[in-house]
Amino acid sequence: MSRKIVLPGDLLATNPRAAGYGTYIEDGKVYSKILGLFDKSDTGVRVIPLKGKYSPSPGDMLVGIVREATSNGWAIDIHSHYQAFLPLSENPEFKPNRKINDVLDIGDAVITKVLSIDPRLKVTLTMRDKVCRPVRFGRIVAINPARVPRVIGKKGSMIKTLKSELGIQILVGQNGLIWLSGDSSRVSIAEGAIYKIEEEAHTEGLTDRIIEYIKKEKEK
Amino acid sequence: MSDEMNDEMQLIVDGKRLDGRKFDELREVKIETGVLKRADGSCYLEMGNNKMIAAVYGPREAFPRHMQDPSRAIIRYRYSMAPFSVDERKRPGPDRRSVEISKVSREAFELVVMKELYPRSGIDIFVEVLQADAGTRAACINAASVALVDAGIAMKGIVTSVAIAKVNGEIVLDPFKEEDNYGEADMPFAFVIRDGEIKSIGLLQMDGKLSYDEIRKGLEMAKKGAMEIYRLQREAIIRKYSLEEVE
Amino acid sequence: MGEDILSDIKRDYVLSKLGEDERVDGRKLDEYRNIEIETGIISKAEGSALVRIGNTQVVVGVKMQPGEPYPDTPDTGIIITNAELVPLASPTFEPGPPDENSIELARVVDRGIRESEAIDLKKLVIDEGKVWIIFIDIHALDDDGNLMDASSLGAISALLTTTVPAEKFDTGDNYPLPVRDLPVSITSLVADGKILIDPSRDEMSIGHRLITITSDQKDNIVSIQKSGSYHLTEEKFYELIEISLTKSKEIRDMLGKI
């Protein structure tokens, strides 16, 4: 199944109400604004990006790193051109008697969620989700954000494979940062497997080859 | 450029150009995208004997900080010629010509890049001329355009550039070195192309001597040439990404 | 270039006037401001001119000295054009090496002189391996818009009054620099489908959307520079050439009187 590749400026629809992700409207027409795959459905048209940096949407789970601790919260690097901020009020771990740096310090990694994005494209994060937490152990791996869906696999199949074959914890941030935790040699195998998925995302029978790769690496 | 030497220099023989091309014929154009690992987007392009490589970095945090614009991205464009790209070694670093080319090229890209989507960021476009054979600013713009698409940058269209020249009284497309050196005029264009149609002129320069009618003729020729290059730019991108997407 | 808040504030006024085909200083769309040219104002220079276009002021000085020709053109003299947007001319000009705007300014002026073949460079050979080098230095004093045309006018006016300083360098008698054409540049602001000739600083608040078209005595276009990030349509481009050719004649008549 192949979808048509579209380029910036390609006309996608003549009905502005059809405009979805990756499009812009001018003179009542809908054009692609990015390189991507053209996706047309009953509800409208959108472009699935093939390349590019991560663009946050509310509800996305991310892995980020604390860059700055201020009196009203933390600036978090989310591996994107967007600036993200975690306010004190969105971190349940913060209590008035605690020092800000003791709750989260510069360099700490966090699993966090996008709460909102303001018109100036400043991202507000929240820790109010059971998955969200600071991670002070484990390893973080960075991949091209456009490859995240491949690493997760259909209905999470790829990630389940990695977890069950290796017995480690994995959390894939939508921003292309992946947190791995467990036995360090197993984590290394997972890291290698993730790079392999990123590299060979377009080839067939990937899941089988990944299982094989893991087996071979475990035997070493 | 304009010099009494023009009269002595035969650049058109029996209705053909010295390299055998017709007046409205482009040089051979080769485009390959995604050629650099570190850059967010890249492109290698040949246009006749020109060889250039473009890299796009960004959107990323703009530096220095005071340069940041809270409402949009800052675009930088750096046209640069490698010291070995020309017959006589060129002193490294930007000269006045490169500064001017970088300025007008950047202005063309500012027309299409949706800067307001990337507040406080920088988008850097670096183009290196590895081998120069006239028309380098146009070839660099064409490479940069593909690299921007490859980087996944949001844009309203594609920029495509080509020059025309006047040699021995004839208007010709895409001049090569001798025509550029001894011709009577040179006029580079960059067009904004959207959905396969030329929307406007984004870059326009000219030096030499042209009459009003010659300018009209040149623009018509340039538009046709640009559409051909645009098709090759598209092809190069689609070729790369359709390889990746077969499942 | 930094933002100039005063002209920024003017934008709405300029645009609303423009909606009625009017300009803030009362000019018609195709009306040039008053031009004044004074020549010979710097006695140390071989040629000089002060040009005023409205409140915009530019001084151009020409210095000449013997030197070696470029190896590929041994039988022609050399022109070197430089522009300095000195900080006294505008709150947005910064001290320091030439930025892209002053480089562009100098190169566009240079192309007008060079491509019109206004100076017969062949006549500037002194001896074998020795030619005259003409330095054209542009000094902006007050930027109230359209430094480009003021600089071009200043350059050609200064050249028209230049004396080749042969005696100073023991190469014969002084003689007037041979000038055989009068290139004139016309800069316009392309705004909202309208063309404003010779834009003032206030009008520039609409945006840096300029085009400079330079022509010679025979109505050849010798240089074009689109400057600024804006969409130029083909129709507007042709219209601009026609306007520029018409306007340049009026200004050339002034130069003829120098």
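The values are calculated or read from the model by the stated rules, or taken from the named source; none is laboratory data. On a predicted model such as this, the values are computed, not experimentally measured, just so you know. Here the Cβ positions follow ideal geometry from the backbone for every residue, glycine too, while neighbour counts run over all protein chains shown. Areas reflect the complete protein model, heavy atoms only, side chains present, ligands, DNA and RNA absent. Shrake-Rupley method; radii C 1.70, N 1.55, O 1.52, S 1.80 Å.
So here's what we get for this one:
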{"quantity": "Dipole magnitude (debye, nearest 20) for the stretch B:21-246, charges at Cβ of Lys, Arg, Asp, Glu", "calculated": "680 debye"}
{"quantity": "Dipole-positive endmost among A:I168, A:I197, A:I178 within chain A (Cβ charges, Cα centre)", "calculated": "A:I168"}
{"quantity": "Flagged links, alpha-carbon separation over 21 Å, of A:K4/A:K51; B:K90/B:K177; A:K196/B:K30", "calculated": "A:K196/B:K30"}
{"quantity": "Among C:V24, C:G40, C:M204 the positive-end extreme of the charge dipole of chain C (Cβ point charges)", "calculated": "C:G40"}
{"quantity": "Computed accessible area, C:H139, all protein chains, 1.4 angstrom probe, square angstrom", "calculated": "80 Å²"}
{"quantity": "Interchain or long-range residues, amide H under 5 Å from A:F85's placed H", "calculated": "A:I76, A:V123, A:T124, A:L125"}
{"quantity": "The stretch B:49-65 - phi-based ³J(HN,Hα) in whole Hz, Karplus 6.51/-1.76/1.60, Gly and Pro as x", "calculated": "8, 6, 9, 9, 9, 10, 10, 10, 10, x, x, 9, 4, 6, 10, x, 3"}
{"quantity": "Computed E for C:K130/C:R180 - FRET, C-beta separation, R0 25 angstrom, nearest 0.05", "calculated": "0.65"}
{"quantity": "Accessible area buried at the B-A interface, both sides summed, 1.4 Å probe (Å², nearest 100)", "calculated": "3000 Å²"}
{"quantity": "Chain B - mean residue ellipticity at 222 nm from DSSP helices (-39,500 (n - 2.57) per run, n ≥ 4, rounded to 500)", "calculated": "-10000 deg cm²/dmol"}
{"quantity": "Dipole magnitude of the protein assembly as shown about its Cα centre (Cβ charges: Lys, Arg +1; Asp, Glu -1), debye to nearest 20", "calculated": "4100 debye"}
{"quantity": "Magnitude of the charge dipole, the stretch A:61-135, Cβ model with Lys/Arg +1 and Asp/Glu -1, debye to 20", "calculated": "180 debye"}
{"quantity": "Low-density loop positions, GluC sites (Glu not before Pro), the stretch B:45-146 - DSSP coil, at most 11 other Cβ in 10 Å", "calculated": "B:E88"}
{"quantity": "Ranking by accessible area, most exposed first, for C:T73, A:T14 with a 1.4 Å probe", "calculated": "A:T14, C:T73"}
{"quantity": "5 angstrom amide H check on B:I164, placed H, neighbours 5+ away", "calculated": "B:D174, B:M187, B:F189"}
{"quantity": "C:D120 long-range amide H proximity, modeled H, under 5 Å", "calculated": "C:R180"}
{"quantity": "Phi to ³J(HN,Hα) by Karplus 6.51 cos²θ - 1.76 cosθ + 1.60 over the stretch C:181-190, Hz, x for Gly, Pro", "calculated": "8, 10, x, 10, 9, 10, 9, 10, 9, 9"}
{"quantity": "Phi to ³J(HN,Hα) by Karplus 6.51 cos²θ - 1.76 cosθ + 1.60 over the stretch A:210-220, Hz, x for Gly, Pro", "calculated": "5, 4, 4, 4, 5, 4, 4, 5, 5, 6, 4"}
{"quantity": "Residues in the stretch B:160-204 occluded by at least 50 Å² - accessible area, probe radius 1.4 Å, against chain by itself", "calculated": "B:R194, B:D195, B:I201, B:L204"}
{"quantity": "Cβ neighbours within 10 Å from other chains - mean over B:52-63", "calculated": "1"}
{"quantity": "Surface share of carbon and sulfur [accessible, 1.4 angstrom probe, percent] for the protein assembly as shown", "calculated": "49 percent"}
